[in-house]
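Working notes, beginning with the structure itself.
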Amino acid sequence: MKCYQCGMCSSGCPSIDEMDILPNQINMFLMLGQYDRVLESKSIWACVACFECAERCPQGVDLSKINEALRQIKIRRNMDLFNIWEVVGKEELPTIALVASFRKFTA
């Protein structure tokens, strides 16, 4: 990874308030080999894949793709974040919202 911790990805992230690890810190922890620390964070799930981080990064690091890969790794390890049976008021939600969440957050 070419990240040099300038923080441009973090400064432009619309989901920053929902993250426990900043986007540039995700890169740092991955470069340091602290994979479990990143996989256990809620930041990879808070990413809305808007690609703002990739647009702002002077090194061309695409954190949105990295977060998607991390979500897939976590899901394949059967560490689901979303349980359809625990959704409150699911009858009132649009079906597409449930389907999209189910696909994104489950194995």
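The values are calculated or read from the model by the stated rules, or taken from the named source; none is laboratory data. Just so we're clear, the structure is a prediction, and the values are computed from it rather than from any experiment. Counting neighbours? That spans all protein chains shown, and the Cβs are built from the backbone with ideal geometry, glycine included.
Tabulated results
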| read-out | value |
| --- | --- |
| Flag if Ser64 is modelled with pLDDT of 90 or more, hydroxyl-bearing (Ser, Thr, Tyr), within 17 Å of Arg103 (Cβ to Cβ) and outside the structural domain of Arg103 (by TED's automatic domain parsing) | yes |
| So Ile21, is it of a type in the set (A, V, I, L, M) and in a loop (DSSP other than H, G, I, E, B) | yes |
| Filter pass, Leu32 being over 20 Å from Phe105 (Cβ atoms) and surrounded by fewer than 13 Cβ atoms within 10 Å (Cβ to Cβ) | yes |
| Among the candidates Ser41, Ser11, residue that is of a type in the set (Ser, Thr, Tyr) and buried (at least 16 other Cβ atoms within 10 Å of the Cβ) | Ser41 |
| Which numbered condition Asp17 fails, given (1) closer than 23 Å to Arg76 by Cβ; (2) free of Cβ contacts under 8 Å to residues at least 12 places away in the same chain | (1) |
| Those residues of segment 40-57 which are of a type in the set (A, V, I, L, M, F, W, C), farther than 11 Å from Ile21 by Cβ and not in a loop (DSSP other than H, G, I, E, B), in sequence order | Trp45, Cys53, Ala54 |
| Subset tally (residues that are within 14 Å of the chain's Cα centre (by Cα) and surrounded by 15 or more Cβ atoms within 10 Å (Cβ to Cβ)) for segment 44-59 | 8 |
